[in-house]
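Reading through the structure tokens given below for one structure.
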Amino acid sequence: MQKLRLSIIVVIIIGLGFVVDSCVEPFEIENSEFKSALVVEATITNNSETQRVLVSRTFPLDTVLMSGVSGAQVSVRDSNGGVYNFTETSSGVYESSSPFAAVSGNTYSLTIQTDGNTYVSDEMEVPAVNPIERVYAERDFKDDGAEEGMFIYVDSYDPTGQSKYYRYEYEETYKIIAPYWSSADAYVVSPLPNPEVDIRARTQEEQVCYRTELSNGIIMENTTEYSEDRVSKFPVRFINRDNYILSHRYSILVRQFVQSRAAYAYYETLETLSGSESLFSQIQSGFLEGNIRSQTDDEDVVGFFQVSTVSEERIFFDYDDFFPDEDLPSYVSDCPLLAPALITEGGSSPLIDGIEQNLIKYYSEYSQQDDLLFTDGPGPYFMVYRVCGDCTALGDNVVPDFWVE
């Protein structure tokens, strides 16, 4: 997720010119010569795992934002002479050929060779190890008191005072229950001109699904101005109580990265540039330099090779845990009952069209009710939009390995 955010910011920084004066004034974006830049995103951790490096290149705004760089040679070298080679798994995505972990006391550097150029990072030390103490959820209001919801907080403490600079990412997973699911479904027996539809049992799970989404922002904290190296009740996520993702069961995995001061400063600047107001009215034009440089020429390289220690913790909760006996949030879509005609006077079949295009799902046999949406109908069945009767429109019907009820 960081990849998209970084690439957008990089293109804006490199590709646009700014008019900056002592006062904030309106400006116009003018066409100027665009200089492509290599974009690198890489975080090596102390977890023994397949490490990943993302390599892309920026392009002008009137073409595409960026394109993955294929065919590069990517490697990480440690201060003991160890070399870890990376293999391209998809365009611009390079993964270590075997799992490895950054070891305390060593330094690490990244090398990328592509298009006849060589790019090398600074040598980076492994930061202190500081596990998360606690991840927890609380019902509360945001600062202005106008919005209520669930805060996800994290606590952490380093008694040695060596950590100080923290970055957070999260993965949230939530249960989806289709509100108008039926155990049966409609299928086409015969198409036009002699349309026929019948009902049969569903062949796959479509009532309960799960969806996982990743954080897409820069979430950081530092303790340099505190009396001790303690992160206390730091909010990594807020979810409005009316957000349907809370409706049933919700889980979040929070990852804490201890990073270097240089990495913190880089991402802090990147976060500042991502705000539209500061970007267009306060920031001088220029190049956001990281710790990776071309050894061949003066080509710009955007990005930061980071070595971090990481810890993580997952929590679960239900809506009823914090909002007992209260109405669930509204579903992600309105779900009116539909009664599309099997065949119209004009010879078309809205029912068959909807089934074949997977736009609607069977709910029940038709019976006279009010407030129905007819399509030259009523037809033989009550149907609902797919999102209302089939949870796979929103998520995956396979229960995640980590899921606990």
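The values are calculated or read from the model by the stated rules, or taken from the named source; none is laboratory data. Treat the numbers as computed from the prediction; the structure is a model and nothing was measured. Counting neighbours? That spans all protein chains shown, and the Cβs are built from the backbone with ideal geometry, glycine included. Heads up: the accessible areas ignore ligands, DNA and RNA and are worked out on the full protein's heavy atoms, side chains in. Shrake-Rupley method; radii C 1.70, N 1.55, O 1.52, S 1.80 Å.
Couple of notes before you dig in:
- Filtered residue count, the stretch 234-274, keeping only those that are at pLDDT below 95, of a type outside the set (Gly, Ala, Ser) and touching a helix residue (DSSP H, G or I) at 6+ places or on another chain (Cβ under 7 Å): 3
- Residue satisfying all of: in the stretch 194-203; part of a loop (DSSP other than H, G, I, E, B) and open to solvent by less than 80 Å² (accessible area, probe 1.4 Å); nearest to residue 379 (Cα to Cα) among these: 195
- In the stretch 325-344, the condition of being outside any loop (DSSP other than H, G, I, E, B), surrounded by fewer than 13 Cβ atoms within 10 Å (Cβ to Cβ), modelled with pLDDT of 95 or more and not hydrophobic (A, V, I, L, M, F, W, C) is met by no residue.
- If the condition is being at pLDDT 95 or above and either touching a strand residue (DSSP E or B) at 6+ places or on another chain (Cβ under 6 Å) or surrounded by fewer than 17 Cβ atoms within 10 Å (Cβ to Cβ) (or both), then the stretch 142-159 contributes 148, 149, 150, 151, 152, 153, 154, 155, 156, 157, 159.
- Among the conditions (1) at pLDDT below 95; (2) outside any helix (DSSP H, G or I); (3) open to solvent by less than 20 Å² (accessible area, probe 1.4 Å), the only one that residue 279 does not satisfy is (2).
- Residues within the stretch 235-272 that are under 22 Å from residue 143 (Cβ atoms), under 20 Å from the mean Cα position of the chain (by Cα) and open to solvent by 20 Å² or more (accessible area, probe 1.4 Å), tallied: 8
- Only listed residue being in contact with a Phe, Trp or Tyr (Cβ under 8 Å, 6 or more places away or on another chain), in a strand (DSSP E or B), among the aromatic types (Phe, Trp, Tyr) and at negative phi, chosen from 166, 119: 166
- Residue within the stretch 211-218 that is open to solvent by less than 30 Å² (accessible area, probe 1.4 Å) and within 30 Å of residue 343 (Cβ to Cβ) present: no
- Verdict on residue 168 being at pLDDT 95 or above, hydroxyl-bearing (Ser, Thr, Tyr) and within 20 Å of the chain's Cα centre (by Cα): yes
- Filtered by the rule that a residue be under 21 Å from residue 296 (Cα atoms) and open to solvent by 20 Å² or more (accessible area, probe 1.4 Å), the stretch 91-118 gives 111, 113, 115, 116, 117, 118.
- Scoring residue 206 on the criteria (1) over 15 Å from residue 155 (Cβ atoms); (2) in contact (Cβ under 8 Å) with a residue 24 or more places away in the chain; (3) surrounded by fewer than 20 Cβ atoms within 10 Å (Cβ to Cβ) leaves a single failure, condition (3).
- Which listed residue, of 48, 67, 75, is touching a Phe, Trp or Tyr at 6+ places or on another chain (Cβ under 7 Å) and at pLDDT below 90: 67
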